[in-house]
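Structure, as structure tokens:
The values are calculated or read from the model by the stated rules, or taken from the named source; none is laboratory data. Bear in mind that the values here come from a model prediction, so they are computed numbers and not experimental data. Counting neighbours? That spans all protein chains shown, and the Cβs are built from the backbone with ideal geometry, glycine included. Protein only, heavy atoms only, side chains kept; ligands, DNA and RNA dropped before computing areas. Shrake-Rupley method; radii C 1.70, N 1.55, O 1.52, S 1.80 Å.
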Amino acid sequence: MEAEVGAMPLPTSTDHEKETPTRLEGRFTAMVVCWVLGIGCLFSWNSMLTIEDYYVNLFPKYHPSRILTLVYQPFSLATLAILAYHEATINTRKRNLFGYILFFFGTLAVLLLDLATSGKGGIGSFIGLCAISAAFGVADAYVQGGMIGDLSFMLPEFIQSFLAGLAASGAITSGLRLLTKGVFDNSQNGLRKGALLFFSLCTIFELLCVLLYAFVFPKLPIVKYYRSKAASEGSKTVSADLVAGGIYSRSGEDEANSTIHERLSNKELLRENIDYAMDMFLIYLLTLSIFPGFLSEDTGYALVLIAMYNVWDLVGRYIPLIKCVKLESRKGLMIAVLARYLLIPAFYFTAKYADQGWMIFLTSFLGLSNGYLTVCVLTSAPKGYKGPEQNALGNILVLFLMGGLFAGVTSDWLWLIGKGW
């Protein structure tokens, strides 16, 4: 049966309109794979954030939690802007594979850099770490925009699973860091040994993501169906993925589909969805102005706070699965996003006057609201558009998300005003 599917030509748009299947195999498997791929998208970067206790000890004069993030973001934002502009003609399979492979080699490079320098600090090691951080930024732009764009024309549950994986990467890296740190807690040079074990596990996981995306995901029947449907609506980005899944387009069909199915331009899509785009920008502007820099350097118990943020961010991304509490009103989403900015004075006064319990509560709410609102926006925005438009809109929204991240990382330095740095 699989051989017959592999030989199938690409269905036309009319075929899909007449024969929308009632049951597609591989839905649950696809959700699990999306979740794992979401973890892999931010696993490398979250590893660098979670291991801040080691880097602060290794580079005490260089503010690693802030500098590494500040290096990461402009590379990510600039790369994603270029990719989003050309998304209609970019091979999605090559794009995502390049990103995951770069994550793998970047994580391996962090491990090798520490081994080569014998865990010694210094400006040379720190510059090398900054270069790897920049590579992670480029990889994130390739994968996050590519995957969300690709999943935007599939089931909303796939985007939700991928986004939950992004949050799970933070929770898992926090748990792994606490575990590896505890294993070597009483040994000589235990902090470094725990860090090396931690990055070894992360490198193996990134290799797993490369293999999953290359050989498992494109062959799932439900994924093949939605990609062939997008191709029949004029999408040029899914051809290599369809070939990997065993589906080949008829001669000249791609050109015919792209002529018949004209899509809205990126400018038109942005104009129609500017509120969603601003939601994404403002969500991450606030989050990154507090996390991780303020929590790492201005509290004294960063590991616990970062773990709490990651856990509740993950919880928040599952709440929209409950239909009655999912926020889909465009006006309601904007009000909720703006209301989060009350957290800025709340964090300021809590750090100055309150105890650790209140800081943990605020950090948990920051993560919960971040995850919840992200899923609500990214699953609501693509509804009503054709496959190529949903892909483009997904890339645009991720671009604004990255813009918010960069603005937030820059704003994070404002917490240092008056502290003599």
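Odds and ends about this structure:
- Among residues of region 112-148, those that are modelled with pLDDT of 90 or more and among the polar types (S, T, N, Q), counted: 2
- Which numbered condition Leu201 misses (of (1) open to solvent by less than 50 Å² (accessible area, probe 1.4 Å); (2) more than 30 Å from Leu155 (Cα to Cα); (3) of a type outside the set (Gly, Ala, Ser)): (1)
- Search result, residues across region 131-168 that are open to solvent by 10 Å² or more (accessible area, probe 1.4 Å), more than 13 Å from Ser44 (Cα to Cα) and of a type in the set (A, V, I, L, M): Ala131, Met154, Leu155
- At least 2 residues being surrounded by 22 or more Cβ atoms within 10 Å (Cβ to Cβ) and hydroxyl-bearing (Ser, Thr, Tyr) is the threshold, and among the helices (runs of 4 or more DSSP H) wholly inside region 308-421 those reaching it are 356-380.
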